[in-house]
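Okay, structure first, notes after.
None of the figures in this text is laboratory data; all of them are computed from the coordinates on show. In this text, all values refer to a predicted model and were calculated from it rather than measured experimentally. Note that we place each Cβ from the backbone using ideal geometry, even for glycine, and neighbour counts take in every protein chain shown.
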Amino acid sequence: MRSRPPASLLLGIALLAAFTIFITWRAKTLEGALRDRGQTELLNQLAPSFELPALDGHQVSLADYHGKKRLVVSFWASWCGPCRMEMPVLRQLYEQQRKKSDRFEILAISIDEERAPAEKFAKEMKLPFPVLLDLSNSTAHAYQVDSIPMLFVIDENGKVIFGHTGFEFGIEVLLAHQLGLKPGTVGATDGDASH
């Protein structure tokens with residue numbers, strides 16, 4: 001004759017099953033959030049227009065590039081650690097690829113509250129592309145920037161075709177693809193595509 005398992009064992013099995021279901025649900029939720037990271041409601045929409053002062057004194061607007069070039073628009077700040085990692089990658093991509101193609105531009109939009117920190121950082125990094133100042137954060141709000149670095153690729157027609165939040169290694173490959181550049185040359189120096 002078989003005896004019934006104790007109630008405490010059955011309760012333990014039920015709790016373990018409930019915990020397993022919960023942890024599986026939670027893992028799937030986090031996985032989905034990571035997969036969707038960088039997606040934006042602006043994707044496939046017209047990019048919000050802007051006109052901002054550049055560090056060199058010129059006014060730069062989104063309309064300046066309409067019908068001419070694809071844009072990488074990067075929102076950053078001098079105090080942001082991941083931004084400090086992303087800017088050298090953008091500089092390298094720009095310096096390598098602009099020799100081969102002038103069909104794109106990078107616009108680095110600083111959300112620093114004052115000009116001096118942005119200017120100091122841009123000089124330290126020797127940024128070769130336009131650095132714009134969004135001191136009031138009005139452009140950042142229009143682009144729904146809620147964390148930085150955050151970047152967008154905007155096509156020649158002014159439509160957002162790519163959005164990404166945070167810094168990750170290999171971002172230059174994604175950008176090269178979005179810009180229509182040859183991926184084999186990204187990251188190479190002095191014409192050597194083996195790097």
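Note that the range 51-185 shows a convex hull volume over its alpha carbon atoms of 99 Å³ per residue.
Each stretch of four or more DSSP H residues adds -39500 (n - 2.57); spread over every residue of the chain, this sum gives -12000 deg cm²/dmol at 222 nm. For LYS159, the aspartates and glutamates whose Cα falls under 18 Å of its own Cα, not counting residues fewer than eight places away in the same chain, are GLU41, GLU51, ASP64, GLU105. Ranking PRO130, LEU55, PHE22 by Cα position along the charge dipole of the chain, where only Lys, Arg, Asp and Glu carry charges on their C-beta atoms, puts PHE22 farthest toward the positive end. Counting only lysines at least 8 places from LYS123 when in the same chain, those with an alpha carbon closer than 22 Å to its own are LYS99. Select from ALA108, PHE121, LEU93 the residue farthest towards the positive end of the dipole of the range 81-165; place +1 on Cβ of Lys and Arg, -1 on Cβ of Asp and Glu, and compute about the Cα centre. Farthest towards the positive pole: LEU93. Across the chain, C-alpha contacts under 8 Å between residues 6 or more apart give a mean separation that, scaled by the residue count, equals a relative contact order of 26 percent.
Dipole size of the chain about its Cα centre, with +1 on Lys/Arg Cβ and -1 on Asp/Glu Cβ: approximately 940 debye, rounded to the nearest 20. When both the range 44-86 and the range 94-150 are represented by their alpha-carbon centers, they are found 6 Å apart.
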